[in-house]
Amino acid sequence: MEDASFDEVPEELQMRIMSRLPLKSLVTCLCVAKKWATLISTKAFRDRYLDKSMTRPRFLFVSGIHRTEALFHSVYQKELLSSGQQQIRTNDAPLAEVSQPVRGLICLHDGSTNVVICNPGAKKFLSLPQIQRPDGATIRCFFGYDESNDVFKVLCAKQFGDGKGSKEFQVYTVKEGAVEDSSWRRITCEHDHSPLSSQLSTQGLCIEGVLYYVAQPSSGKSLVIMCFNLSSEDFSVIEVPERVENSRVNDHRWKLVNYKGELAMVDDYEFKSGILDEWSESDNGFFDIWIRKEAARNWENKNFEIPHWGESVGFHKFFFKGTIATGELVFAPYCWPLRGQLYVLCYDTDTRDLRRFDVEGMVDRYFFVRTFLDHVDSTWLMSK
C-alpha cells in the first residue's frame, strides 16, 4: 500500500497530531506548507493547543541588561526546572514594566509611549501604536484577557507629577488577525485615582476576566484596589483591609498575587527585611497574606510558618510570588544571588516540605530577574 501524505489525513487528526508539537516545531510548520499555516492560525487549533499547554504550565523568568538586552527563559513547573527550556534574547523589547503572563502572552512597556505584546515561546513581538501622552504625565499599563470576546486588552493609565489622579484612560484591543483595525480608545473612570506600581512588581493581576491593580485614590485614603472588567470596561473599587490601610510606610510595599485562584495581597517589605523571627531560636520563616473572598466581599488573613527557611535561604532575599496548580507556595528573588545559582523555592503546606529548584540555562550577568508563574505555550501572534 502506498504511503499516504499528511495532507490526506483527516483535518481533525492533523490537528490532534500538530497540537502535540512544541512551539518551535509549529513555527517551522508555518514555513513548510500554506495549508499547515492556515490550520495553525484557526481559532479551533489555537484553543486546542492552549488547553493542552495549560496542563503543563511554566515558570517564566524575565531579565535584562541596562534595558539594552532582554532575556526570556521558561521551564516547566511540574518537572525538573531544566526540562522544556525555552529561551529568547532580544534587543527590541522594552523592560521598564513587564506584565504577568496571560494565556501565553506578556505586555512590555518602556514607561513612556511604547508598548509591545510578546509571545516568548514563539519568539513573536507585536508593537502597538504609540500612546498619546500629555506633557508631564507618567504612563502605567495593565494587561489582561477578555474571556467574553476572546481578545486581549491593554489598559493605559496616566499619572501626573502633582499627585493628582486621572479619570481618563485608554484601552487597546489585541485581536488575532486584525491588528490593523485596532487603535487606542479613550474611556473614563468615575473613581479618580493614581495606579501604584514599581519596576520589579507585578504590573496588575488578571483573574477570570477582571484586571486588579493597587492605586491611591484622590479621596485621601492611602490604598485601594481598582478592578477593571475587561468585557464591560467598567471600573469598581475594593477597599483594602484596615491593617493594610494603616501600614502606610511605603505604598509600594503591598503586592497583588494569585493565591489558589483568588486575589491576595502580600507585604513585600516583610520579605525585604527577612521573615525570620529574630526573637525565636528556630530558623523558621513567618509571614501572612490577605485573601479576598469575593462571595462574602471581605478579606481573610492567613498566616504561614515555613520550617528551615533560614537554612534554605540564608542571607538571600526571597519574595512570595503566589501559588501553582499543586497548591505549593512559590518564592523567588528579585536579584541574582551573589556567587551562586539562581533558584526558586516551592513550599507544600500539607507536607511542610520546602523544595529548592535550580534554574539551569541562565547566566549571572543578568542582575535583576522577574519571576512569573503559570506561563503557557500559545499560538497567538504566530501568524504575524
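The values are calculated or read from the model by the stated rules, or taken from the named source; none is laboratory data. Here the structure is a predicted model, which means the values were calculated and not measured. With ideal geometry, Cβ positions are generated from the backbone for all residues, glycine too; neighbour counts draw on all protein chains shown.
Taking every residue in the stretch 288-307 that is without any contact (Cβ under 8 Å) to a residue 12 or more places away in the chain and pairing it with any residue that is among the basic types (Lys, Arg) and loosely packed, with under 13 Cβ neighbours inside 10 Å, at least 6 positions away or on another chain, the pairs with Cβ-Cβ distances below 7 Å are Glu300/Lys293. The conditions of being out of contact with any Ser or Thr (no Cβ under 9 Å at 6 or more places or on another chain), polar (S, T, N, Q) and closer than 23 Å to Leu230 by Cα are not met by Ser99. List pairs: first residue in the stretch 37-49 and under 14 Å from Ser25 (Cβ atoms), second residue polar (S, T, N, Q) and in a helix (DSSP H, G or I) anywhere in the structure, Cβ distance under 7 angstrom, at least six positions apart or on different chains. Listed by first residue and then by second, the contacts come to Leu39/Gln14.
Residue count for the stretch 12-28 under the criterion of being out of contact with any Lys or Arg (no Cβ under 7 Å at 6 or more places or on another chain) and crowded, with 17+ Cβ neighbours inside 10 Å: the result is 5. Ile275 satisfies every condition listed in (1) farther than 25 Å from Cys141 by Cβ; (2) surrounded by fewer than 15 Cβ atoms within 10 Å (Cβ to Cβ); (3) at pLDDT below 95; (4) not charged (D, E, K, R) except (2). Considering every residue within the stretch 278-291, establish whether at least one is at pLDDT below 95 and in contact with a Pro (Cβ under 6 Å, 6 or more places away or on another chain). Among the residues of the stretch 278-291, at least one is at pLDDT below 95 and in contact with a Pro (Cβ under 6 Å, 6 or more places away or on another chain), which makes the answer yes. For the stretch 240-249, what are the residues that are surrounded by 14 or more Cβ atoms within 10 Å (Cβ to Cβ) and modelled with pLDDT of 85 or more? Residues satisfying the conditions are Val240, Pro241, Val244. The number of residues in the stretch 53-84 being at pLDDT below 85 and either closer than 23 Å to Phe142 by Cα or surrounded by fewer than 19 Cβ atoms within 10 Å (Cβ to Cβ) (or both) comes to 13. When residues in the stretch 132-169 are screened for being modelled with pLDDT under 90, among the β-branched types (Val, Ile, Thr) and more than 21 Å from Val62 (Cβ to Cβ), 1 of them pass. Check the stretch 129-138 and report whether any residue there is closer than 19 Å to Leu95 by Cα, under 17 Å from the mean Cα position of the chain (by Cα), in the same structural domain as Arg58 (by TED's automatic domain parsing) and surrounded by 14 or more Cβ atoms within 10 Å (Cβ to Cβ). Among the residues of the stretch 129-138, not one is closer than 19 Å to Leu95 by Cα, under 17 Å from the mean Cα position of the chain (by Cα), in the same structural domain as Arg58 (by TED's automatic domain parsing) and surrounded by 14 or more Cβ atoms within 10 Å (Cβ to Cβ), which makes the answer no. Exactly one residue out of Lys302, Lys260, Lys255 is surrounded by 14 or more Cβ atoms within 10 Å (Cβ to Cβ) and either modelled with pLDDT of 85 or more or not assigned by TED's automatic domain parsing to the domain that holds Asp348 (or both), and it is Lys255. Scanning the stretch 114-139 for residues that are out of contact with any strand residue (DSSP E or B) (no Cβ under 8 Å at 6 or more places or on another chain) and under 23 Å from Leu71 (Cα atoms) returns a single hit, Ala122. Do any strands (runs of 3 or more DSSP E) entirely within the stretch 21-115 hold 3 or more residues that are hydrophobic (A, V, I, L, M, F, W, C) and assigned by TED's automatic domain parsing to the domain that holds Tyr145, and if so, which? The strands (runs of 3 or more DSSP E) meeting that bar are 58-65, 69-76, 106-109.
Is there a residue in the stretch 344-354 that is modelled with pLDDT of 90 or more and closer than 19 Å to Phe367 by Cβ? Yes: one or more hits.
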